[in-house]
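**Q** Let me begin by handing over the structure; questions about it come next.
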């Protein structure tokens, strides 16, 4: 604002250059100083050099004040070599000269030279220390800033408000509540706490450390508040998720003090808690007050509309974006494409892409992500193949899309192509790769991918760690999963790795260890549990038959952790109660569910009724199962078997007759073998030896000796991949059927040829004896 009131360099040059020595103004040196300051302000090195020539010509080069102004001009214009030359040849160096050079070094990032020159100063004052503290603090070198401040205190020099404010700013990024209070006490001790810059920085530090109570107390004690103070306190409430207190404080801010930051903070606070209507109301109120919205604020609102599938509100914001002229920004266009894709309007997303800048990489990535979100993997591949330039987000989206669309082989092929192109994958890419490997049960490939992560020093975040643990668990190597979990559990900040380990152990039937790990998780109060956590816990209880403990965790999920049970949680409880024979309670739980039971839950109850011989509940379960899927042959077969176990043969014939009339067929028993073979796919051809995993110890030789058994060797791993809870029992059933068939085959191969050979031999002997008899006659 005030820079426009300063004289421009060009005007000063005309005034100075046209002034003859005899006709110079009385304050000619002041004009030179003003010209040099103006050149420094506008970073005009050409005008600064011209003024420097006039300084030499007029004989003011030895003036200490003008010399310091010259050094300052060159330093601020970024010509430190010229500033160093003047500084080194100056006969009269004072603390101001040193401070100017130190400030120039610090602003250009040359901290070693700044520290060396600072140490050479014959006399250091408050300004010198403040310059060093400010410089190091502004660049994030908080240790150096604190060290210089300690030197200042040991030297007996009192800091000023700028020194202390800079130190507080440097400590905000790492300090805890104890450091906050220590600096607050220091400000009170040196009587600097009343300065608004010091109190505002202290307030910001309290909010960053999460101590809103101390921050609120300091805020209420502040004698003077500016717009920054209000915004800092408001942002503290918003970041903590306390929207009510933030709104209460916002209403107390004087109208003249509310700026775009204040309004934007409130809008962002509402968006963070998904209060979209309140955010839009606040946005409209801001526009009525004449405050122009920023592009970042509108993008946040559009992103919230995408997250909440608020199509109408998103349409209105798109119109506001077009009216404000923000649509030309690339990141705004990408956000609009993401919004339309999230709302299922892929046609509008692609239209936005067509009318925008097609060569913009984030926009293309947004289109690919939109297609994948809506299950249109082929269209996403077309856009991907047309891209002349691809980044890691492009590859990650496509790999994740194929992994999620049950095409893991293509996902792995695309990953190999990505690595061959020299593109470095990130954690998101590798998480999708491990997911694809897990769905295929490829343990050796999973080990290779894990080694790739380690050899390339890719940091393990929580999502990638969870993907690795899940891969090892689904590939049958639970010990490797435990090893990875033990390495990262102390560093984990979210529940994802814990969920992967708990569910993996439950999947393998190790309920005790799964529940033990969950007990460790409960002690870590900073990690928030979610619904997936309790799916693993309830599954573990189901495996171990711990009905009371399962009911306890089911209640704690709602009462303690405020997690609403989903259909999978109810399915686990029905399975748990059904295995324990408490079929009436299982049926009551199904009837009390807030959502409609699906085929899996009714099928679980029906299977439990068949196990425990409860015909009445089994009939009701079969009836509900038939309503959901009239052609569900498995349910009718279970009901038929239930009748057969109860000796009700007329009902058995009735069910079978109804299946024939409705043309409901049960797949033959051998289809399970075909499913195993189809589930592994071409891996049987490529990695048969490496993928071998025995279902039972001591049977490896038998399993590898027959072609049919080669189909079963993948059974345990495939059942793990698909989360089958009773894979061991099913595996032994399959083995029993195989051995029974194998014995029959061996009989065919040995006894039938033996019988044929013996019959032929008898016929031959008979013919021979007959000939001898004829010859005897």
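**Q** Just one of 496, 514 is under 18 Å from the mean Cα position of the chain (by Cα), buried (at least 21 other Cβ atoms within 10 Å of the Cβ) and on the phi < 0 side of the Ramachandran plot; which is it?
**A** None of the others qualify; the one that does is 496.
**Q** Kindly indicate whether any position in the stretch 299-309 is over 21 Å from the mean Cα position of the chain (by Cα) and either surrounded by 22 or more Cβ atoms within 10 Å (Cβ to Cβ) or in the same structural domain as residue 266 (by TED's automatic domain parsing) (or both).
**A** no
**Q** Just for helices (runs of 4 or more DSSP H) wholly inside the stretch 526-621: which have at least 3 residues that are modelled with pLDDT under 90, touching a strand residue (DSSP E or B) at 6+ places or on another chain (Cβ under 7 Å) and under 30 Å from residue 463 (Cα atoms)?
**A** On the way: elements: 531-544, 547-559, 567-579, 583-591, 599-612.
Of the helices (runs of 4 or more DSSP H) lying wholly inside the stretch 526-621, none has at least 3 residues that are modelled with pLDDT under 90, touching a strand residue (DSSP E or B) at 6+ places or on another chain (Cβ under 7 Å) and under 30 Å from residue 463 (Cα atoms).
**Q** Report yes if residue 91 is free of Cβ contacts under 8 Å to residues at least 24 places away in the same chain, surrounded by fewer than 16 Cβ atoms within 10 Å (Cβ to Cβ) and not in a helix (DSSP H, G or I), otherwise no. Before the answer, list the steps.
**A** On the way: free of Cβ contacts under 8 Å to residues at least 24 places away in the same chain: no; surrounded by fewer than 16 Cβ atoms within 10 Å (Cβ to Cβ): yes; not in a helix (DSSP H, G or I): yes.
No.
**Q** Still on this structure, I have one more. Exactly one condition in (1) crowded, with 19+ Cβ neighbours inside 10 Å; (2) closer than 28 Å to residue 480 by Cα is false for residue 530; which is it?
**A** (1)
**Q** Testing residue 575 on (1) within 30 Å of residue 496 (Cβ to Cβ); (2) surrounded by fewer than 21 Cβ atoms within 10 Å (Cβ to Cβ), one condition comes back false. Which one is that?
**A** That leaves (2) as the condition not met.
**Q** Going by the structure shown, is residue 483 assigned to a helix (DSSP H, G or I) and surrounded by fewer than 24 Cβ atoms within 10 Å (Cβ to Cβ)? Show your work before the answer.
**A** On the way: assigned to a helix (DSSP H, G or I): yes; surrounded by fewer than 24 Cβ atoms within 10 Å (Cβ to Cβ): yes.
Yes; evaluated as a whole, the condition is true for this residue.
**Q** Would you point out the residue of the stretch 249-259, among those that are more than 12 Å from residue 225 (Cβ to Cβ) and crowded, with 16+ Cβ neighbours inside 10 Å, that is nearest to the chain's Cα centre (by Cα)?
**A** Among them, the one singled out is 250.
**Q** Taking the options 61, 40, name whichever one is crowded, with 19+ Cβ neighbours inside 10 Å and either modelled with pLDDT under 75 or not in a helix (DSSP H, G or I) (or both).
**A** Going through 61, 40 in turn, the sole match is 40.
**Q** Just to be sure, is residue 140 surrounded by fewer than 16 Cβ atoms within 10 Å (Cβ to Cβ) and at pLDDT 75 or above?
**A** The answer is no for residue 140.
**Q** Name every residue in the stretch 438-464 that is in a loop (DSSP other than H, G, I, E, B) and in contact with a helix residue (DSSP H, G or I) (Cβ under 8 Å, 6 or more places away or on another chain), in order of residue number.
**A** Within the stretch 438-464, 441, 442, 458, 459, 460, 461 meet the criteria.
**Q** Only residues that are part of a helix (DSSP H, G or I) and in contact with a helix residue (DSSP H, G or I) (Cβ under 6 Å, 6 or more places away or on another chain): list them for the stretch 642-654, please. Let's see the steps before the verdict.
**A** First, the residues of the stretch 642-654 that are part of a helix (DSSP H, G or I): 642-645, 649-654.
Selection gives 642, 643, 644, 651, 652.
**Q** Hey, any hits in the stretch 602-609 for a residue that's in contact with a helix residue (DSSP H, G or I) (Cβ under 6 Å, 6 or more places away or on another chain) and farther than 27 Å from residue 532 by Cα?
**A** Looking through the stretch 602-609, at least one residue is in contact with a helix residue (DSSP H, G or I) (Cβ under 6 Å, 6 or more places away or on another chain) and farther than 27 Å from residue 532 by Cα.
**Q** Does residue 470 count as more than 25 Å from residue 593 (Cβ to Cβ) and within 20 Å of the chain's Cα centre (by Cα)?
**A** When the stated conditions are applied, residue 470 passes them.
**Q** Considering each of 327, 386, 378, 354 in turn, give the residue that is more than 23 Å from the chain's Cα centre (by Cα) and closer than 18 Å to residue 304 by Cα.
**A** Exactly one of 327, 386, 378, 354 is more than 23 Å from the chain's Cα centre (by Cα) and closer than 18 Å to residue 304 by Cα, namely 327.
**Q** To continue, here is another question. Which residues, taken from the stretch 226-245, are over 19 Å from residue 272 (Cβ atoms) and either surrounded by fewer than 18 Cβ atoms within 10 Å (Cβ to Cβ) or touching a strand residue (DSSP E or B) at 6+ places or on another chain (Cβ under 8 Å) (or both)?
**A** Result: 226, 227, 228.
**Q** Would you check if there is a residue in the stretch 44-56 being closer than 20 Å to residue 105 by Cα and surrounded by fewer than 16 Cβ atoms within 10 Å (Cβ to Cβ)?
**A** No, there is no match, as no residue in the stretch 44-56 is closer than 20 Å to residue 105 by Cα and surrounded by fewer than 16 Cβ atoms within 10 Å (Cβ to Cβ).
**Q** Next question, about the same structure. Quick test for you: out of 192, 276, 223, 280, pick the one residue that is within 30 Å of residue 159 (Cβ to Cβ), surrounded by 18 or more Cβ atoms within 10 Å (Cβ to Cβ) and in contact (Cβ under 8 Å) with a residue 12 or more places away in the chain.
**A** Numbers: 276 fails: within 30 Å of residue 159 (Cβ to Cβ); 223 fails: surrounded by 18 or more Cβ atoms within 10 Å (Cβ to Cβ); 280 fails: within 30 Å of residue 159 (Cβ to Cβ).
Of 192, 276, 223, 280, the one residue that is within 30 Å of residue 159 (Cβ to Cβ), surrounded by 18 or more Cβ atoms within 10 Å (Cβ to Cβ) and in contact (Cβ under 8 Å) with a residue 12 or more places away in the chain is 192.
The values are calculated or read from the model by the stated rules, or taken from the named source; none is laboratory data. Remember, predicted model here, so these are calculated numbers, not experimental data. Please note: Cβ atoms are built from the backbone with ideal geometry, for glycine as well, and neighbour counts cover all protein chains shown.
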